[in-house]
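S.K.: Structure incoming, see below.
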Amino acid sequence: MQGPKGVADFLGRWRIDRRIEDRAGGTTGRFEGQGVFLARGAKAVYVERGLLYYGTQPPMQAERSYLWRDGPTGIEVFFHDGRPFHRIGLAGETAEARHWCDPDSYVVHYDFGDWPLWSARWDVTGPRKDYVMRSLYRRADV
């Protein structure tokens, strides 16, 4: 099956399984939840909600949201307040993007090779951060 061609291919519900490896602190975590892409004009609002299990702490509710829109060379991703985040190139089965949030570096690698199963791996480094976060997305509305 071909990978996604634009934001419309992501619309709907996705089950998320995420693993977090904190290399600096030696702690591991996991997130189990759901992400939803909702069409809003030329954009999609993405909201994910679920439970975050981190180290020995009790599970906690976690939520985040972003705005996605089709751009001339892929999908443009923005924070919920409209600030630019990164761009997802859709020319092949994989894409890589970077985001600098001084003093931290965020590098994401997307894999769409088994679409509609897809993954994102974030490598985050900085003076006080050193972790990798792997997320696996599966359709939840089929």
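Rule-based calculations on the coordinates, nothing more; no lab input. Quantities reported herein were computed from a predicted structural model and do not represent experimental measurements. Positions of Cβ are backbone-derived with ideal geometry, glycine not excepted, and every protein chain shown enters the neighbour counts.
S.K.: Suppose the filter is β-branched (Val, Ile, Thr) and touching an Asp or Glu at 6+ places or on another chain (Cβ under 9 Å); does THR28 pass it?
M.R.: yes
S.K.: For segment 40-67, what are the residues that are without any contact (Cβ under 8 Å) to a residue 12 or more places away in the chain and not in a strand (DSSP E or B)?
M.R.: GLY41, THR56, GLN57, PRO58, PRO59
S.K.: All but one of (1) touching a helix residue (DSSP H, G or I) at 6+ places or on another chain (Cβ under 9 Å); (2) of a type outside the set (Gly, Ala, Ser); (3) closer than 15 Å to SER135 by Cβ hold for LYS43, so report the exception by its number.
M.R.: (3)
S.K.: Follow-up. So SER119 clears everything in (1) touching a residue at least 60 places away in the same chain (Cβ under 8 Å); (2) under 13 Å from the mean Cα position of the chain (by Cα) except one condition, right? Which one?
M.R.: So the condition that SER119 fails would be (1).
S.K.: Are any residues in segment 67-92 surrounded by 18 or more Cβ atoms within 10 Å (Cβ to Cβ) and charged (D, E, K, R), and if so, which ones?
M.R.: Result: GLU76, single match.
S.K.: Check whether at least one residue in segment 68-85 is aliphatic (A, V, I, L, M), touching a helix residue (DSSP H, G or I) at 6+ places or on another chain (Cβ under 9 Å), in contact (Cβ under 8 Å) with a residue 12 or more places away in the chain and over 19 Å from ARG18 (Cα atoms), and report yes or no.
M.R.: yes
S.K.: Another question about this same structure. Look through segment 105-125, keep the residues that are surrounded by 15 or more Cβ atoms within 10 Å (Cβ to Cβ) and small (Gly, Ala, Ser), and return whichever of them is nearest to TRP14 (Cα to Cα).
M.R.: Top of the filtered list is SER119.
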